[in-house]
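Chemist: Structure incoming, see below.
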Amino acid sequence: MSQAVAALSRPRGGRGVALLSILVAGVVAFFSLGLDLRDLIPDRGGLTVLGKFFSRALSPALTYEASFVPEGTQPLLLKAIGSVFKTVLFAAAGLGLALLLGVVLGFFASNAWWVGDVSGNRNPIFRWVRRSMLPVVFVSARVLIAVMRSIHELLWATLFLAAFGLSDTTAVLALAIPYGGMLAKVFSEIVDEAPRDTVLALKGLGASPLQVFFFGLVTRAAPDLLAYLFYRFECAVRASAILGFFGYPTLGYYLAASFENLHYGEVWTYLYVLIALVSLLDWWSSAFRRSLAT
Amino acid sequence: MSTDPKDTGGSTTTAPGSTRWQQITTLRRQRPRRRFATRSLALLLALLVGAWFVGNFHLDDLIATKRIENLRRFANEVTPYPLQGQPFDLGTALTWAHEIMMEKGWSGAGKTLAISVLAIVLAGLFSSTLSFFGTRTLVSPEPFITSLRPPSKIRAAGWRAVVGFTRATFVVARSIPAYLWAFLLVSMLGPTAWPAVLALALHNTGILGKLTAEVNENLDAKPLAALRGMGASRSQIALFGMIPLTLPRFLLFFFYRWETCVRQATVLGMLGIVSLGFWIQDARARNYYDEMVLLILASVVLVLVGDVVSIAMRELIRRRS
């Protein structure tokens, strides 16, 4: 009864307006792009590609399609497995560095350890630091995080390619910077919104603000933090595969090369490998989340 | 604990062998253990650290002499062209930036925004429709209410197949990154904005569809069972029972995904579709690094604007639901 009353007393009338304005925005976007529905039907050249491409969907290549394969070339399937290895390697290294950046920046971008109920320190020096220094650190950490994650990993890669030239390290950096920003943002938000029950208990025992932060808040937020880390690993693997389009030796590199050589069977092999890899990681991260929930 | 509270309250030592220590070890032994979670975490961390030892990654390589020279040349070229070798003058820099923005920046940013909006609206339409076909509780021989006569096995399998097929479509759609979808579509549809729009729409349909189907399944079953009891069909349950209940959550996901769409739409331009990324790639190809950096900064502003709008909308939804 009371639930029904609560439901009735909610502000209403917003939904229809919201949905309608979303649809209007879509229509405006359609016309501003000057799109033509007829362009959705491929022209003759496009149709040929389409036909040839999809005719190989159920028969991915198991060996190379090229008529001449130089002596000593790795078998296709080994190459595919090797590219998966590289893809995961780049993603893991990128996320490893991102985790480091995310934890450090996330700490400074979180306000739970120096604002409000966590810090009850009466020490005048600490209070001076808190009032004058920490807000500056806090704001600059936030700005840094915003810039890091607002530049897409492929744009970071473009920048690094121009600045340093092609090397595996630049690919890892291109992944680590935006992902570090994202981890820092989400970590700080999760920690700031974690339940405060343990915090109160630890404060009652006389723990220092930092002790309260690390043993009361971070531990309380840990399941969510780790679940997010797993989810990000899946994203990093996808991003790492795409970095191949920029010349790094991950899945995207071989896929693009096969596509440009019109070896569509090989393209499907790489596509299926990618789908299998991402699905596996998807399963892993949701299984991890489920095992934390029970 | 069975120990006398006076006993533990009084003792302050936690030396091994004391009652307090015993209590701690018992508590430790009784703590909930999640073997799968612990092992997964250990494996993930081992991967993140191990990759640095296995791969050919050296952060110090970036400050090697050759790279530093590259970097110095880059830093020089990043200075706005009219200011290279000149004393800094804000007016000149602004004129230079204004010209590039008028010629490419604003139109590129507008196109990026339009691509992201159209893509997410399409993804919203597709995924909200498809999500019901992937909802196990709804797509079953007896949704929410069991009948007296058990349904035949063949019918049950048919319904399960519908759910399975929809879920598999979601998996494929979302495991292929938008950039890869766009790469494949450009070769078939040519360099209009469609490949970018469709690529983003497909990838996000997979994500939104899966998330919405899960929300549908976790809804409180009672009101839906009541609808069924009054003779509502499956589509009526979906339209008048599920949509009103899932809508707030769906809109939260919708705006969250739109944020990423803005980011992605920029980058998809690198495949030859006229969004900001096209001009970024173009500037890079011509070695106009000053222009490239300016346009990347424009994309940052665009992304931040998108974030602010999205956060405001999500806050509004949260407050009203």
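Laboratory data are not the source of any read-out in this text; all were calculated from the coordinates shown. The model shown is predicted, which means the values in this text are computed figures rather than measured ones. Quick reminder, even Gly has a Cβ in these numbers, built from the backbone with ideal geometry, and neighbours come from all protein chains shown.
Chemist: Tally Lys/Arg at +1 and Asp/Glu at -1 over every other residue whose Cβ is under 13 Å from the Cβ of B:THR135; what's the total?
Modeler: Computed value for this residue: +3.
Chemist: Grab the DSSP H runs of chain B that are 4 residues or longer, score each as -39,500 (n - 2.57), total them, divide by all residues and round the 222 nm result to the nearest 500 deg cm²/dmol. Each step should come with its number before you reach the end.
Modeler: Details: 13 runs with 227 residues, N = 321.
That comes out to -24000 deg cm²/dmol.
Chemist: Could I ask something else about it? In whole Hz, with x marking every Gly and Pro, tabulate ³J(HN,Hα) for the stretch A:210-220 from phi via Karplus 6.51 cos²θ - 1.76 cosθ + 1.60, θ = phi - 60°.
Modeler: For the stretch A:210-220, the Karplus-derived couplings read 5, 4, 4, 4, 6, 9, x, 8, 4, 5, 5 Hz, x marking Gly and Pro.
Chemist: Further question on the same structure: Return the ratio Rg/(2.2 N^0.38 Å) for the protein assembly as shown, where Rg is computed over Cα atoms only. Provide the component values of the computation, followed by the final result.
Modeler: Working: Rg = 27.4 Å, N = 615, 2.2 N^0.38 = 25.2 Å.
For the protein assembly as shown, the normalised Cα radius of gyration comes out at 1.09.
Chemist: Let me ask something else. List the relative contact order of the stretch A:145-294 as a percent without decimals, with contacts defined as Cα pairs under 8 Å and 6+ residues apart.
Modeler: Answer for the stretch A:145-294 is 20 percent.
Chemist: Could you tell me how many degrees, from 0 to 90 and to the nearest 10, lie between the Cα long axis of helix B:276-285 and the main elongation axis, the longest principal axis, of the Cα atoms of chain B?
Modeler: Value to nearest ten degrees: 50.
Chemist: Quick check: convex hull of the Cα atoms in the stretch B:71-223, volume per residue, rounded to a whole Å³?
Modeler: On the way: hull volume 28.0 nm³, N = 153.
Dividing the Cα hull volume of the stretch B:71-223 by its residues yields 183 Å³.
Chemist: A follow-up question, please. If we count other beta carbons within 10 Å of each Cβ, what is the order of B:MET188, B:MET242, B:MET102, fewest first? Intermediate results must be reported in sequence, preceding the final value.
Modeler: On the way: B:MET188 19, B:MET242 24, B:MET102 10.
Placing the least packed residue first, the sequence is B:MET102, B:MET188, B:MET242.
Chemist: Then there's this: Before rounding to the nearest 500, sum -39500 (n - 2.57) across all DSSP H runs of length at least 4 in chain A and divide by the residue total; then give [θ] at 222 nm in deg cm²/dmol. Before the final figure, lay out each step's value.
Modeler: Details: 12 runs with 208 residues, N = 294.
Helix contribution divided over all residues of chain A: -24000 deg cm²/dmol.
Chemist: Would you mind ranking A:LEU50, A:LEU154 so that the residue whose beta carbon has the fewest other beta carbons within 10 Å leads the list?
Modeler: Working: A:LEU50 16, A:LEU154 25.
Least crowded to most crowded, the residues run A:LEU50, A:LEU154.
Chemist: Moving to a separate point now. With respect to the cross-link table entries A:LYS203/B:LYS210; A:LYS52/A:LYS86; B:LYS66/B:LYS111; A:LYS52/A:LYS79; A:LYS52/B:LYS104, which display a Cα-Cα separation exceeding 31 Å?
Modeler: A:LYS203/B:LYS210; B:LYS66/B:LYS111; A:LYS52/B:LYS104
Chemist: Here is a follow-up. Rounded to whole Hz and in sequence order, give me ³J(HN,Hα) for the stretch B:246-253 from the Karplus expression 6.51 cos²θ - 1.76 cosθ + 1.60, θ = phi - 60°, writing x for Gly and Pro.
Modeler: Taking θ as phi minus 60°, the curve returns 8, 3, x, 4, 4, 5, 4, 4 Hz for the stretch B:246-253.
Chemist: Let me have the relative contact order for chain B, percent, based on Cα pairs under 8 Å that are six or more residues apart. Kindly include the intermediate steps, with their values, before the conclusion.
Modeler: Values: 323 pairs, mean separation 64.6, N = 321.
In percent, rounded to a whole number, it is 20.
Chemist: I would also like to ask the following. Cut-off is 10 Å between beta-carbons; in what order do B:GLU69, A:GLU153 appear when sorted fewest neighbours first?
Modeler: By the 10 Å Cβ count, ascending: B:GLU69, A:GLU153.
Chemist: Which whole-number percent is the relative contact order of chain A (Cα, under 8 Å, 6+ apart)? Present the calculation step by step, with values, prior to reporting the outcome.
Modeler: Working: 295 pairs, mean separation 76.7, N = 294.
Averaging sequence separation for qualifying contacts and normalising by length gives 26 percent for chain A.
Chemist: Using 0.36 nm times the number of residues separating A:VAL27 and A:VAL143, minus their current alpha carbon distance, what extension gain do you get? Write down the numbers at each step before the final one.
Modeler: On the way: separation 116, 0.36 × 116 = 41.76 nm, distance 3.44 nm.
Stretched out fully, the A:VAL27 to A:VAL143 stretch lengthens by 38.3 nm.
Chemist: Each residue of the stretch B:104-121 in turn: what ³J(HN,Hα) in whole Hz from Karplus with 6.51, -1.76, 1.60 and θ = phi - 60°, glycine and Pro shown as x?
Modeler: These are the phi-based 3J(HN,Hα) values: 10, x, 5, 5, x, 5, x, 4, 4, 4, 4, 4, 5, 5, 4, 4, 6, 5 Hz.
Chemist: While we're here: Need one value for A:24-30: mean number of C-beta atoms belonging to other chains within 10 Å of its residues' C-beta atoms. Before the final figure, lay out the partial values.
Modeler: Values: counts 1, 7, 9, 3, 3, 14, 7.
Per residue, the average neighbour count from other chains is 6.
Chemist: Evaluate the stretch B:93-320: find the radius of gyration of its Cα atoms, find its Kirkwood radius, and give the ratio Rg to Rh.
Modeler: Values: Rg = 21.8 Å, Rh = 19.5 Å.
Here Rg/Rh amounts to 1.12.
Chemist: Kirkwood Rh over Cα pairs of the stretch A:76-293 into Stokes-Einstein at 4 °C, 1.567 mPa s: D in µm²/s?
Modeler: D = 67 µm²/s.
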